[in-house]
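As structure tokens, the structure follows; a few thoughts come after it.
The values are calculated or read from the model by the stated rules, or taken from the named source; none is laboratory data. Bear in mind the structure is a predicted one, so any value in this text is a computation, not a measurement. Don't worry about glycine lacking a Cβ; one is built from the backbone with ideal geometry, like all the others, and counts go over all protein chains shown.
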Ligand code: SF4
Ligand code: SF4
């Protein structure tokens, strides 16, 4: 009987209990996220920040001079054989963009790879620290032994640079050929490029070939609005995308990605 | 189960089940604390929630672990903690699984389980259950919202939506279980009053949550539609003519929210508005929660798929 007397304000009571509970939850979450708390100090975040502020000595990057690309896919094939990449997935690939209406038409090529971003979202979301930034050269790498294949990073990357390795069931992507560049060799795609369209080097050194090209040309990066600060630069890239079909002056736009899933995402 | 997207049915089911389980335990613990932790009708509601709540969470988690391909790799999640929503979420989840099972055990008919010591333990654990349940319910939405590369998800309101839906489906699970298992003699006046009394608490709360959820969905759609760029293109997938429009409007909005909301309002209104009587047949307490739960699953399905099928526009 005692319980039933309370009935009229039941609903409000529940909502108030819920409100208090929400506040408690936020307080709990907040205290976990505060820098310097027990949770944060378990990671080596603080060390990372220190080294970011220090002078960067080596930041590997690439310049892709689209004017010199002939769309031959030699880089795609070199990369495939370098890493024995399973069918259907790519660490590096070349897209074609065709636009306009006959006789006013154009076609351009866009070699793609991981941008080894300076603000890599893939690193931020990785729950196991399997994806990490190498302090010594700025390469973003995946530790295959640690990756749990949760595929969170595949969503976080705005460039679709990552894929699930269907054989090994871990997530993989371009690593700038760490095994080659750490021995002073150029990445396999750069080594094989017939037109000399891919140029690799140290962006932190103002006298490197890549730094000079960037200084002297109008360069661009992909999806700069994402705030990822890519370290792969393009000279003369055509940024036309399928959404540009809405433009009356183009009308016809065809993007051929040469990847298993046909559309850019 | 591959849908051709990085996250397939296991992940969607996990998001739904973990949310529902967390919502059930949160609702149960709130009810218990509201009733002062003692016996009575709040206790019986709390008990149904406590006893069913851990099941969906554990089932969802097992599904998720097997989705990884090599289940033991999941242990790598517990070798570090970082600020990734998935890392924080897995720690929340592990803690919640332990605490919710503990909570459920306290409701089993041990000898002397109505004693003062047991009730005080139940109260203490309930106080932990509420924030940890909410953190599990909310992290799944934060997880999706964290990435500008997925414009459909990249909004703080997704976390709010998932949290409300979690509590609403949790309430539905409690109503459903209670309708199936509660033995009541409706010809005994005290029992009849107590049955309808607690039924009213549950239904009224559910109506409120459904209303909030509709409001949040409206805000999500309105802001996405009013902006230009990636988010506007992304939301087209659930607007009329889009690939997921039928599932969204028919399944999530109509079946999962509007219809259950209207039916429950019909039964709740007399008591809410002019102190009349609340009497809902048992069949309603079975059908309506089922619709809410199906709608909750479809909500996860539509949101997760819409986010994966759309991306930023331009290069
Ligand atoms: S391109 Fe994608 S995978 Fe590569 S570093 Fe940037 S966010 Fe990460
Ligand atoms: S799939 Fe692997 S690398 Fe990517 S976020 Fe998950 S654990 Fe990290």
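Does region A:77-89 include one or more residues that are within 16 Å of ligand 2 (Cβ to nearest atom) and assigned to a strand (DSSP E or B)? Let's see the steps before the verdict.
Of the residues in region A:77-89, the ones within 16 Å of ligand 2 (Cβ to nearest atom) are A:89.
Okay, now just the ones that are also assigned to a strand (DSSP E or B), so none.
The answer is no; no qualifying residue exists.
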Some residue of region A:147-154 being surrounded by fewer than 24 Cβ atoms within 10 Å (Cβ to Cβ), outside any loop (DSSP other than H, G, I, E, B) and within 11 Å of the chain's Cα centre (by Cα): yes
How about region A:148-160: which of its residues are at the interface with chain B (Cβ under 8 Å from one of its Cβ atoms) and near ligand 2 (Cβ under 8 Å from one of its atoms)? A:148, A:149, A:150, A:151, A:152, A:154, A:156
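May I ask you to list the residues in region B:133-192 that are outside any helix (DSSP H, G or I) and within 12 Å of chain A (Cβ to nearest Cβ)?
From region B:133-192, those outside any helix (DSSP H, G or I) are B:146-156, B:182-188; that's our starting set.
Result: B:146, B:147, B:148, B:149, B:150, B:151, B:152, B:153, B:154.
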Please determine whether any residue of region A:195-215 is at pLDDT 95 or above and within 13 Å of ligand 1 (Cβ to nearest atom). no
Selection count where residues are more than 9 Å from ligand 1 (Cβ to nearest atom), more than 7 Å from chain B (Cβ to nearest Cβ) and free of Cβ contacts under 8 Å to residues at least 60 places away in the same chain, scope region A:125-141: 4
How about region B:32-46: which of its residues are assigned to a helix (DSSP H, G or I) and within 15 Å of residue B:194 (Cα to Cα)? B:41, B:42, B:43, B:44, B:45, B:46
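A quick yes/no check of all residues on (1) modelled with pLDDT under 95; (2) assigned by TED's automatic domain parsing to the domain that holds residue A:78; (3) outside any strand (DSSP E or B); (4) more than 23 Å from residue A:62 (Cα to Cα):
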residue	(1), (2), (3), (4)
A:91	no, yes, yes, no
A:94	no, yes, no, no
A:97	yes, yes, no, no
A:100	yes, yes, no, yes
A:105	yes, yes, no, yes
A:110	no, yes, no, no
A:122	no, no, yes, no
A:129	no, no, yes, yes
A:132	no, no, no, no
Considering residues that are more than 9 Å from ligand 1 (Cβ to nearest atom) and either touching a residue at least 24 places away in the same chain (Cβ under 8 Å) or out of contact with any strand residue (DSSP E or B) (no Cβ under 9 Å at 6 or more places or on another chain) (or both), the number found within region A:149-160 is 2
For residues that are facing another protein chain (nearest Cβ under 10 Å) and in contact with a helix residue (DSSP H, G or I) (Cβ under 6 Å, 6 or more places away or on another chain), tally how many sit in region B:72-98. 9
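Confirm whether residue B:40 is within 9 Å of another protein chain (Cβ to nearest Cβ), out of contact with any strand residue (DSSP E or B) (no Cβ under 6 Å at 6 or more places or on another chain) and either modelled with pLDDT under 95 or surrounded by fewer than 24 Cβ atoms within 10 Å (Cβ to Cβ) (or both).
Values: within 9 Å of another protein chain (Cβ to nearest Cβ): yes; out of contact with any strand residue (DSSP E or B) (no Cβ under 6 Å at 6 or more places or on another chain): yes; either modelled with pLDDT under 95 or surrounded by fewer than 24 Cβ atoms within 10 Å (Cβ to Cβ) (or both): yes.
The answer is yes for residue B:40.
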Unique residue being surrounded by fewer than 18 Cβ atoms within 10 Å (Cβ to Cβ) and touching a residue at least 40 places away in the same chain (Cβ under 8 Å) when the list is B:299, B:290, B:273: B:290
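In region A:244-259, how many are in contact with a helix residue (DSSP H, G or I) (Cβ under 7 Å, 6 or more places away or on another chain) and not in a strand (DSSP E or B)? Spell out how you get there, then give the answer.
First, pick out the residues of region A:244-259 that are in contact with a helix residue (DSSP H, G or I) (Cβ under 7 Å, 6 or more places away or on another chain): A:250-251, A:253, A:255.
So of that shortlist, the ones also not in a strand (DSSP E or B) come out as A:250-251.
Looking only at that region, the number is 2.
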Selection status of residue B:118, surrounded by fewer than 23 Cβ atoms within 10 Å (Cβ to Cβ), free of Cβ contacts under 8 Å to residues at least 60 places away in the same chain, assigned to a helix (DSSP H, G or I) and within 19 Å of the chain's Cα centre (by Cα): no
Could you check how many residues of region B:8-37 are facing chain A (nearest Cβ under 9 Å) and under 20 Å from the mean Cα position of the chain (by Cα)? 8
Determine if region B:256-269 includes at least one residue that is within 13 Å of chain A (Cβ to nearest Cβ) and over 22 Å from the mean Cα position of the chain (by Cα). yes
Failed condition for residue B:5, given (1) surrounded by 22 or more Cβ atoms within 10 Å (Cβ to Cβ); (2) over 17 Å from residue B:120 (Cβ atoms): (1)
Checking the conditions here, which among B:76, B:82 is buried (at least 19 other Cβ atoms within 10 Å of the Cβ) and outside any helix (DSSP H, G or I)? B:82
When you scan region A:161-190, how many residues do you find that are more than 16 Å from ligand 2 (Cβ to nearest atom), surrounded by fewer than 22 Cβ atoms within 10 Å (Cβ to Cβ), part of a loop (DSSP other than H, G, I, E, B) and at negative phi? 4
Here's a check for you: in region A:106-124, which residue that is touching a strand residue (DSSP E or B) at 6+ places or on another chain (Cβ under 7 Å) and more than 14 Å from chain B (Cβ to nearest Cβ) is farthest from residue A:164 (Cα to Cα)? A:106
Filtering region A:222-236 down to residues that are within 10 Å of chain B (Cβ to nearest Cβ), surrounded by fewer than 17 Cβ atoms within 10 Å (Cβ to Cβ) and in a loop (DSSP other than H, G, I, E, B) yields A:227
